[in-house]
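One structure is given here, and the rest of the page talks about it.
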């Protein structure tokens, strides 16, 4: 198994992604920024309004069957046509974290159908989850999505479905950052 991959997202004045919008869905907003950089090495930048770190590691809340289904249809990141992106940092409530793993899994998939809903939008939307809670970050999860402009409406539909689920009753802070990658 590969070692965990630590990723830093930095909102500031530089980076290949232009921030189109930043919306606080729930809780405190992030400071305004114009651009986003995403690096796998620790960043030392002076032009950042904020930075968030997360780790790509082992899967959680996913059965072997679900993981296989996701792997079969999940596209890679950085596809040339996927010039739209969204970074959605999420922090869940103490009530979420006080539940046992099997209880969180029941809310996550059995009742909210997080994976089943997401599968319907693959391979149009590429995604990667970054765990941040154990790093002492202000968010528990940093969710990164990439898609082509013609799939933006589908991505919006996915967000609406997930936000209407039981799982989202446990979200106490969520920021939605929409981005466009500069054509080079």
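Where a number appears in this text, it was derived from the coordinates with a stated rule and is not lab data. Nothing here was measured: the structure is a model prediction, and the numbers come from that model. Cβ placement follows ideal geometry from the backbone for every residue including glycine, while neighbour counts extend to all protein chains displayed.
Just give me the residues in segment 1-23 being in a loop (DSSP other than H, G, I, E, B) and touching a residue at least 24 places away in the same chain (Cβ under 8 Å), in sequence order.
Here is the first cut: in segment 1-23, the residues in a loop (DSSP other than H, G, I, E, B) are 1-4, 13-16.
1, 4, 13, 14, 16, listed by residue number.
Looking only at segment 140-167, filter to residues that are out of contact with any helix residue (DSSP H, G or I) (no Cβ under 8 Å at 6 or more places or on another chain) and not in a helix (DSSP H, G or I); which one of those is farthest from residue 99 (Cα to Cα)?
Looking only at segment 140-167, we keep the residues that are out of contact with any helix residue (DSSP H, G or I) (no Cβ under 8 Å at 6 or more places or on another chain), and these are 142-144, 146, 148-157, 159-160, 163-164.
Among the residues that remain, those that are also not in a helix (DSSP H, G or I) are: 142-144, 146, 148, 164.
Values: 142: 21, 143: 22, 144: 25, 146: 31, 148: 37, 164: 21 Å.
Result: 148.
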**Asked** When the residues of segment 44-92 are filtered to those that are more than 18 Å from the chain's Cα centre (by Cα) and part of a loop (DSSP other than H, G, I, E, B), which remaining residue is farthest from residue 33 (Cα to Cα)?
**Response** 63
**Request:** Might you check whether a residue that is surrounded by 13 or more Cβ atoms within 10 Å (Cβ to Cβ), touching a strand residue (DSSP E or B) at 6+ places or on another chain (Cβ under 9 Å), more than 16 Å from residue 168 (Cβ to Cβ) and touching a residue at least 60 places away in the same chain (Cβ under 8 Å) occurs anywhere in segment 89-100?
**Result:** no
